[in-house]
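The values are calculated or read from the model by the stated rules, or taken from the named source; none is laboratory data. Keep in mind that this is a model prediction, so the values were computed, not measured. Because the Cβ atoms are built from the backbone with ideal geometry, glycine has one as well, and the counts that use them run over all protein chains shown. Heads up: the accessible areas ignore ligands, DNA and RNA and are worked out on the full protein's heavy atoms, side chains in. Shrake-Rupley method; radii C 1.70, N 1.55, O 1.52, S 1.80 Å.
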Amino acid sequence: MSTAPPDPWLLTPGPLTTSATVKAAMLHDRGSRDRAFLELDAEIRRRLVALVAGEGSHVCVPIQGSGTFAVEAMLGTLVPREGRLLILVNGAYGRRMATIARWHGRTVETLEWPEDRPVEPAVVEARLAAAPAVTHVAVVHCETTSGVLNPLEEVGEVTARHGAALLIDAMSSFGALPIDARRIRFEALAASANKCLEGVPGVGFVLVREAALAGAAGNAPALSLDLVDQHEAYRRTGQWRFTPPTHVLAALHQALLEHEAEGGVAGRGRRYAENARILVAGMRELGFEPLLDPSVQAPIILTFKMPADPRFRFETFYELLRARGYVIYPGKLTRAPSFRMGCIGRLGPEVMRDAVAAVAEVLAAMGVASGAPAAAREAAA
Ligand SMILES: *Cc1c(COP(=O)(O)O)cnc(C)c1O
């Protein structure tokens with residue numbers, strides 16, 4: 001690769017920077033009922049199940065659209081009308097699951113935590129003990145709102161102990177942080193092509209316990225989001241029901257080969273952790289302060305508190321970084337002003353170091369001496 005890429009580096013949580021070879025995989029037209037495509041599609045599903053060691057227990061059911069489509073398909077298909085869903089909320093994606101399930105007319109309760117703190121298994125346990133009618137628990141693995149990592153394994157233990165089924169939004173962690181179906185008893189997990197798998201947007205998927213699908217016929221509030229119907233079609237014909245995003249799937253197939261070549265989940269997770277380490281160290285040196293305690297920070301996306309210097313304007317900061325070839329992300333917290341920088345995608349240590357150097361240049365251009373947040377704001381947060 002040349003030193004000056006034609007595209008900006010995307011320091012965002014997806015869509016993200018992809019490899020040239022992943023992009024090149026889309027330069028072919030494939031027939032959706034053609035054997036070559038069907039084999040590629042079947043191999044993708046096999047590989048995705050294998051990433052959670054779910055062979056024999058779980059199947060992969062893909063869904064056209066962004067990641068939310070997969071989350072909606074998961075909740076809609078698996079929570080029956082007479083079910084009761086407890087959603088653990090510590091950010092926008094937990095809230096979105098509540099919106100979806102209420103949209104479907106399901107009985108929903110939530111447990112909520114601040115956006116800079118992980119959900120607490122002991123609190124979940126107490127709620128499940130007090131509310132035995134809960135049939136399903138939904139949790140976000142890495143809450144991309146802040147970048148906080150939720151304790152999936154412990155939540156899984158508590159949920160299993162109380163006989164409830166666990167539904168996971170693993171959108172921003174899948175492929176980079178380990179999730180093992182033999183260790184965590186989950187009913188289903190939703191994720192998408194365009195985050196840590198480093199594919200392009202356009203397809204999501206649900207890894208679902210096959211036995212759970214058997215009892216889920218007739219639940220889904222929408223035919224196009226019915227996982228049972230798509231799974232049945234696979235069993236009968238080996239095909240998608242409706243036009244598959246063939247180019248997106250070709251890119252995902254290539255992305256999965258590159259994921260394996262990098263050392264799978266462990267290898268990818270290592271690179272992202274190093275990216276995050278470089279970013280945090282460099283930004284701290286410029287005065288910026290991460291929102292989260294390092295012990296609960298996932299190596300996916302970093303939230304920084306807004307600098308106190310009145311000359312700092314986020315819009316200007318964004319535009320000047322964009323002009324230097326880096327796209328960052330606005331904050332999504334409901335309370336404290338913040339911005340985010342991702343460390344996922346086809347980028348490594350050099351890009352992260354160069355990004356920090358670009359931030360230093362931009363601060364100088366704005367006349368901002370330090371990225372330090374206001375002490376008062378810190379205390380209030
Ligand atoms: C990205 C993301 C989603 C899905 O978002 P889309 O914009 O629909 O792709 C859902 N949950 C989490 C935690 C995410 O990071």
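The table below lists the values:
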| quantity | calculated |
| --- | --- |
| Cα extents of region 272-338 along the three principal axes, largest first (Å) | 31, 29, 22 |
| All Cα pairs of region 125-245, percent lying beyond 26 Å | 28 percent |
| Listed peptides 18-30, 303-315, 147-159 by packing density, highest first (mean Cβ within 10 Å) | 147-159, 303-315, 18-30 |
| Region 139-195 - Rg (one decimal) and Dmax (whole number), Cα, Å | 11.0, 34 |
| Degrees, to the nearest 10: 35-51 long Cα axis against longest axis of the chain | 70 degrees |
| Test item: Cα-centred dipole of region 40-141, Lys/Arg +1 and Asp/Glu -1 on Cβ, debye | 240 debye |
| Apportionment of accessible area to carbon and sulfur, region 232-345, percent (1.4 Å) | 53 percent |
| Angstrom value of the Kirkwood radius, inverse mean 1/r, which spans all Cα pairs in region 41-151 | 15.3 Å |
| Cleavage-rule hits (chymotrypsin sites (Phe, Trp or Tyr not before Pro)) in region 228-272: DSSP loop, at most 16 neighbouring Cβ within 10 angstrom | PHE242 |
| Added length on full extension, which subtracts the Cα-Cα distance from 0.36 nm per residue, PHE314 to ALA217 | 30.1 nm |
| Under Karplus coefficients 6.51, -1.76 and 1.60, residue-wise ³J(HN,Hα) of region 287-292 in Hz, glycine/proline x | x, 5, 10, x, 5, 8 |
| Net charge dipole size for the chain [Lys, Arg +1 and Asp, Glu -1 on Cβ; Debye, nearest 20] | 360 debye |
| For region 34-116: accessible area per residue (Å², 1.4 Å) | 39 Å² |
| Cα lying deepest toward the dipole's positive end in the chain, options LEU249, VAL123, MET341, charges on Cβ | LEU249 |
| Hull shadow area, averaged, region 104-156 [alpha-carbon convex hull, nm²] | 4.2 nm² |
| Pair-distance profile P(r), taking every C-alpha pair of region 178-325, with 5 angstrom steps and integer % | 2, 7, 11, 14, 15, 14, 11, 9, 8, 6, 3, 1, 0 |
| Globularity ratio of region 73-134, using Cα Rg and 2.2 N^0.38 Å | 1.12 |
| Span per principal axis, largest first, for the Cα atoms of region 5-76 (Å) | 43, 31, 23 |
| Space enclosed by the convex hull of the alpha-carbon atoms of the chain, per residue, Å³ | 132 Å³ |
| Cβ-based charge dipole, the chain, positive-most Cα from PRO290, ALA357, THR110 | THR110 |
| Where Rh is the Kirkwood radius over Cα pairs, Rg/Rh for region 57-109 | 0.97 |
| 0 to 90° range, to nearest 10: angle between helix 92-103 axis and the chain longest Cα axis | 30 degrees |
| Nearest 10 degrees, 0 to 90: helix 67-78 Cα axis against the chain principal axis | 30 degrees |
| Equivalent ellipsoid, region 227-270 (semi-axes from 5 times Cα gyration tensor eigenvalues, Å) | 29, 13, 8 |
| Region 22-261 - percent relative contact order, Cα under 8 Å, separation 6 or more | 29 percent |
